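Engineer: So that we are looking at the same thing, I have put the structure below in structure tokens.
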Amino acid sequence: MNSSIVWKIKPFARLSTEELYQILKIRQEVFIVEQTCYYLDADGYDQQAVHIWAESAGEILAYSRVFEPGIKYAEASIGRVLTNPKYRKNNLGKILIRFSIDTIEARFRTRSIRISAQDYLLSFYSEFGFEDTGKKYLEDDIPHTEMVRVI
């Protein structure tokens with residue numbers, strides 16, 4: 001990466017058309033093309049989310065969306081977590097999760113967070129205090145586990 005990384009945190013209403021396009025593009029690249037999951041990514045929740053991402057030279061490097069309690073779960077939640085395939089191994093995922101947790105705590109005044117984690121990432125999320133709830137399921141043929149963080 002030759003350019004500096006800029007982190008952005010915006011509710012849906014403040015996203016520019018270009019930002020929204022780039023967000024949807026990287027989500028499709030990772031979740032639909034790379035993971036071969038055929039589902040409607042534009043799920044009607046983006047408008048209620050706070051979007052968090054890292055960008056450099058107009059390209060999204062990492063992304064997540066967060067929700068206040070009562071939208072996806074009784075607790076606040078983090079979803080659509082991704083790192084651009086070209087920028088993996090740069091610890092952006094860890095920075096992204098930290099920003100996501102900090103955003104929830106600052107904006108929604110809660111530390112209770114529930115996520116739906118792909119099983120291969122359980123140990124990654126446990127580093128941030130998330131615990132396996134025992135609720136396991138297939139989502140788009142990928143094993144997932146519901147995890148909760150209550151501190």
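Engineer: Provide the packing ranking of 6-19, 44-57, i.e. peptides ordered by the mean count of other C-beta atoms within 10 Å per residue, highest first. Working shown, then result.
Structural biologist: Working: 6-19: 12.6, 44-57: 17.1.
The densest-packed peptide leads the list: 44-57, 6-19.
Engineer: At 20 °C and a viscosity of 1.002 mPa s, what translational diffusion coefficient does Stokes-Einstein give for the chain, taking Rh as the Kirkwood radius over Cα pairs? Give it in µm²/s as a whole number.
Structural biologist: Values: Rh = 15.7 Å.
Answer, rounded: 136 µm²/s.
Engineer: Pick out, from Leu20, Ala76, Trp7, the residue whose Cα sits farthest towards the positive end of the charge dipole of the chain, with +1 on the Cβ of Lys and Arg and -1 on the Cβ of Asp and Glu.
Structural biologist: Trp7
Engineer: Which log10 I(q)/I(0) values does the stretch 66-125 give at q = 0.23 Å⁻¹ under the Debye formula, counting every alpha carbon as one identical point scatterer?
Structural biologist: -0.97
Engineer: Over the stretch 6-110, what is the relative contact order in percent, taking alpha-carbon pairs closer than 8 angstrom and at least six residues apart?
Structural biologist: Numbers: 139 pairs, mean separation 26.1, N = 105.
In percent, rounded to a whole number, it is 25.
Engineer: With each label point set 7 Å from Cα along the Cα-Cβ vector, what nm distance links Lys8 and Lys135?
Structural biologist: 3.2 nm
Engineer: Still on this model: On the Cα set of the stretch 1-60, report Rg and Dmax in Å, please.
Structural biologist: 12.3, 35
Readers should treat all values here as calculations from the given coordinates under stated rules, not as data from a laboratory. Note that this is a predicted model, so its numbers are computed, not measured. FYI the Cβ positions are ideal-geometry reconstructions off the backbone, even for glycines, and counts take in every protein chain you see.
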